[in-house]
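What follows is a short report on a single structure.
The values are calculated or read from the model by the stated rules, or taken from the named source; none is laboratory data. Just so it is clear, the model here is predicted, and its values are computed rather than measured. FYI the Cβ positions are ideal-geometry reconstructions off the backbone, even for glycines, and counts take in every protein chain you see. Side chains are part of the model used for accessible areas, which takes the heavy atoms of the whole protein and leaves out ligands, DNA and RNA. Shrake-Rupley method; radii C 1.70, N 1.55, O 1.52, S 1.80 Å.
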Amino acid sequence: MTAQGSHAASTTDVPRRNWAGNVRYAAKAFHRPTSVDELRRLVAGSSRIRAVGSGHSFNRIGDTDGDLVSLAGLPPVVEVDHERGQVTVSGALRYGDVARQLHTQGCALANLASLPHISVAGAVATATHGSGQTHGNLASAVAGLELVTADGDLLRVDRDTDTFAGMVVGLGALGLVTRVTVDVVPTFALRQYVRLDLDRTALDEALGSAYSVSVFTDFREPRLREVWRKQLADQPPPPADWLGTTAADQPRHPVLGMPAENCTPQLGEPGPWHERLPHFKLGFTPSSGDELQSEYHVARTAAADALAALDDLADLIAPVLLVSELRTVAADELWLSPNYRRDSFVLHFTWVDDTAAVLPVVAAVEERLAPFSPRPHWGKVFVTDPAELSARYPRYADFAALLADLDPKGTFRTDALDRYFPR
Ligand SMILES: Cc1cc2nc3c(=O)[nH]c(=O)nc-3n(C[C@H](O)[C@H](O)[C@H](O)COP(=O)(O)OP(=O)(O)OC[C@H]3O[C@@H](n4cnc5c(N)ncnc54)[C@H](O)[C@@H]3O)c2cc1C
């Protein structure tokens, strides 16, 4: 099935800045081609070009001083192959839009991020993830890619391709991804319950207690403020005294004091997977964008120690923090995935929108987490030294070689990429 939708060619639709507003794209020209052939000609004729997805990254990983291209003008495609259990979608589509169409065809994605507004190709390129001890990140479900390479050729790769595991979390640096093929599962229903005031000693048990679990804290109290349990709809609700917590009696927003109307239904109301796995509804803008985010993946077995390592930074963290989210992600084989061969515990920080105030705190957090070999989210704010980062990824050098092979002239290079993968 081919999705219908508008794909007008106006370059004014290409974002000039990221969602958070902390990055104004430095491109000299913005493009929105309406066909793959037009995109191929554009790439072949450009010396420096990058794709922008929905602009939800918080750093300059995708910024360029050359051409910035949105693929949102390409014909939108959602093609389900029921026999293979896969769907092929246009890279620029938002997960939320793909999910709605999948659900009507009896299919689901195993997991989703907290926000349904992000593009598939952009999310996959940075190894975006949800939560769940048995679920990999969104990139780990990718079975194939179609991309325009530096010379303008159209390349199709899949799990049988030698370097596939290096190409999926590609940071947008290996080519412009036009289509993504993703594994699907039969559609399913979930219920979301919010529980309050978790003792830290029960963190691991709480995180493993349901299909997808997020724990929220603000580093103001030693106890953890909220547990968001997204559990299969046919499972019994948590008992009244579950892990010593109490049940929230009204819907919550992850940030204390923010209205919950933009959040997906809670209080145990059953609903389809795509209306429970994200924290935020597709039809609403999740917040004003007045925030920055950072996130670090460590081994799941180090969860309690990593959290404890930040304890005496609480007075530093709390004043610039809106909320912190703790999640889990299963290990995978993707070279630049923060979950490469490591079941992970993930510490996320939503900061206030003040780069100058936040950066020193980010540096302090990274220093404390360093013994746990933290792998930062590629699309969020981090200050990790490139040499240290490379030591945390066993296949880092292989990715650098792939970059040199697929993009010898540096067509997709950015300043950030040059810093992390020097030529
Ligand atoms: C409110 C909010 C909530 C978030 N929640 C989560 C979460 O729950 N979990 C999580 O892991 N992350 C989360 N993120 C981070 C977000 O998922 C990532 O930053 C993701 O990369 C955003 O996708 P995007 O389409 O906006 O990508 P962009 O920011 O537009 O681009 C990211 C990278 O992908 C590349 N790219 C984009 N499109 C293509 C393409 N077609 N071909 C090749 N390269 C491409 C770009 O060049 C760039 O390098 C959140 C961000 C926000 C703002």
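Residue-wise test of (1) at pLDDT 95 or above; (2) among the β-branched types (Val, Ile, Thr); (3) within 15 Å of residue 213 (Cβ to Cβ).
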| site | (1), (2), (3) |
| --- | --- |
| 258 | no, no, no |
| 261 | no, no, no |
| 280 | no, no, no |
| 284 | no, no, no |
| 296 | yes, no, no |
| 320 | yes, yes, no |
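Restricted to the range 97-114, and to residues that are part of a loop (DSSP other than H, G, I, E, B) and in contact with a Pro (Cβ under 6 Å, 6 or more places away or on another chain), which residue is farthest from residue 350 (Cα to Cα)? That would be 112. Return yes or no: is residue 330 closer than 21 Å to residue 211 by Cα and surrounded by fewer than 22 Cβ atoms within 10 Å (Cβ to Cβ)? Yes: the conditions hold for residue 330. Considering the range 353-369, the residues that are open to solvent by less than 40 Å² (accessible area, probe 1.4 Å) and aliphatic (A, V, I, L, M) include one that is farthest from residue 20 (Cα to Cα), namely 369. For the range 43-75, the set of residues classified as farther than 22 Å from residue 421 by Cα and away from the ligand (no atom under 13 Å from the Cβ) consists of 44, 45, 75, listed by residue number. Count of the range 179-194 residues, restricted to those that are over 24 Å from residue 105 (Cβ atoms) and surrounded by fewer than 22 Cβ atoms within 10 Å (Cβ to Cβ), is 1.
Conditions tested, residue by residue: (1) more than 29 Å from residue 301 (Cβ to Cβ); (2) open to solvent by 70 Å² or more (accessible area, probe 1.4 Å).
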position	(1), (2)
218	no, no
229	no, no
238	no, no
262	yes, no
266	yes, no
269	yes, yes
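Listed by position, the strands (runs of 3 or more DSSP E) contained in the range 115-190 that have at least 1 residues being within 12 Å of the ligand (Cβ to nearest atom) and under 18 Å from residue 61 (Cβ atoms) are 142-148, 176-183.
Evaluate the range 350-358: report whether one residue or more is of a type in the set (Val, Ile, Thr), within 16 Å of the ligand (Cβ to nearest atom), modelled with pLDDT of 95 or more and in contact with a helix residue (DSSP H, G or I) (Cβ under 6 Å, 6 or more places away or on another chain). Yes, because at least one residue in the range 350-358 is of a type in the set (Val, Ile, Thr), within 16 Å of the ligand (Cβ to nearest atom), modelled with pLDDT of 95 or more and in contact with a helix residue (DSSP H, G or I) (Cβ under 6 Å, 6 or more places away or on another chain). Here residue 311 meets the list (1) touching a Pro at 6+ places or on another chain (Cβ under 7 Å); (2) farther than 28 Å from residue 168 by Cα almost entirely, failing just condition (1).
Filtering the range 386-423 to residues that are surrounded by fewer than 13 Cβ atoms within 10 Å (Cβ to Cβ) and in a loop (DSSP other than H, G, I, E, B) leaves 394, 408, 409, 422, 423. If you go through the range 320-329 one residue at a time, do you hit one that is within 16 Å of the ligand (Cβ to nearest atom) and assigned to a loop (DSSP other than H, G, I, E, B)? No, the conditions are met nowhere in the range 320-329. Checking 277, 243, 282 one by one, the residue that is in contact with a helix residue (DSSP H, G or I) (Cβ under 6 Å, 6 or more places away or on another chain), of a type outside the set (Asp, Glu), outside any strand (DSSP E or B) and under 17 Å from residue 116 (Cα atoms) is 282 and no other. Being touching a strand residue (DSSP E or B) at 6+ places or on another chain (Cβ under 9 Å) and open to solvent by 70 Å² or more (accessible area, probe 1.4 Å) is a description that applies to residue 305. The set of residues from the range 14-44 being without any contact (Cβ under 8 Å) to a residue 60 or more places away in the chain and either among the acidic types (Asp, Glu) or open to solvent by 50 Å² or more (accessible area, probe 1.4 Å) (or both) comprises 16, 17, 24, 26, 28, 37, 38. Taken over the range 46-60, the residue count meeting the criterion of being over 15 Å from the mean Cα position of the chain (by Cα), farther than 20 Å from residue 351 by Cα and open to solvent by 30 Å² or more (accessible area, probe 1.4 Å) is 3.
Okay, residues lined up against (1) within 21 Å of residue 158 (Cβ to Cβ); (2) open to solvent by 20 Å² or more (accessible area, probe 1.4 Å):
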position	(1), (2)
65	no, yes
99	no, no
102	yes, no
108	no, no
125	yes, no
132	no, no
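Return the residue satisfying two criteria in turn: it lies in the range 3-13 and is over 25 Å from the mean Cα position of the chain (by Cα) and open to solvent by 70 Å² or more (accessible area, probe 1.4 Å), and of such residues it is modelled with the highest pLDDT. It comes out as 12.
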